[in-house]
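Note sheet for the following structure.
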Amino acid sequence: CTRSRYPLQLAPQRQQHRPIAPVIDWTAGPWRRIDRSLAPNTRERIAHGRRHFGERFAISYYGNTRTARSIDRPIGTLTTKDRWAVIDGDHMRMLNVDECRAAMGFPADYKLPSSSTLGKHMLGNAVAPPMVAQLLREITHQRQREAA
């Protein structure tokens, strides 16, 4: 965070991973039936998820991965475009903007544009508030240690 002659030497504590499961609203939509029209890589990710995680899991809808992700793990990077889909049996949908906001640690009342596309774009460019808070705490503690 600095190019100074005496840069900060921060040693933040490792944080507990937060799984995506509590963030997913399984009643939200729109859901789409999983069918043969999906790209082969997407079908491969879904097959992997079914073998390893059962009926409910997440996949990276775009990208080079060939595997699914357990909903008991954190979701991967939220980009400026829809990237993560959730699978529930024979149906799938992309994470919605409320789920993305919650996954990043923003409060539920944090205002985003009414456009889902623009909201996801802004979240994809954001830094997760819990990480910023941790960084600020660590900088404050470091400065207090230096002053003592």
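The values are calculated or read from the model by the stated rules, or taken from the named source; none is laboratory data. Small disclaimer: the values here were computed from a predicted structure and weren't measured. All Cβ positions, glycine included, derive from the backbone under ideal geometry; neighbour counts span all protein chains shown. Heavy atoms of the whole protein, side chains included, go into the accessibility calculation; ligands, DNA and RNA do not. Shrake-Rupley method; radii C 1.70, N 1.55, O 1.52, S 1.80 Å.
Quick rundown of the values:
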read-out: Correct option for mean projected area of the Cα convex hull in nm² [calculated from the coordinates] among [x] 10.7; [y] 9.9; [z] 11.5; value: [z]
read-out: Two-site FRET efficiency, Arg73 against Arg145, from Cβ-Cβ distance with R₀ of 41 Å, rounded to 0.05; value: 0.75
read-out: Carbon + sulfur, % of accessible area of the chain - ligands and nucleic acids excluded, 1.4 Å; value: 52
read-out: Nonlocal amide H pairs with Arg56, under 5 Å, H built at 1.01 Å; value: Gly89
read-out: Whole-Hz ³J(HN,Hα) from phi, Karplus 6.51 cos²θ - 1.76 cosθ + 1.60, for the range 129-143, glycine and proline x; value: x, x, 6, 5, 4, 5, 4, 5, 4, 5, 5, 4, 5, 5, 5
read-out: Pairwise label distance in nanometres, Arg43 with Ser114, each label 7 Å out on the Cα-Cβ vector; value: 4.1
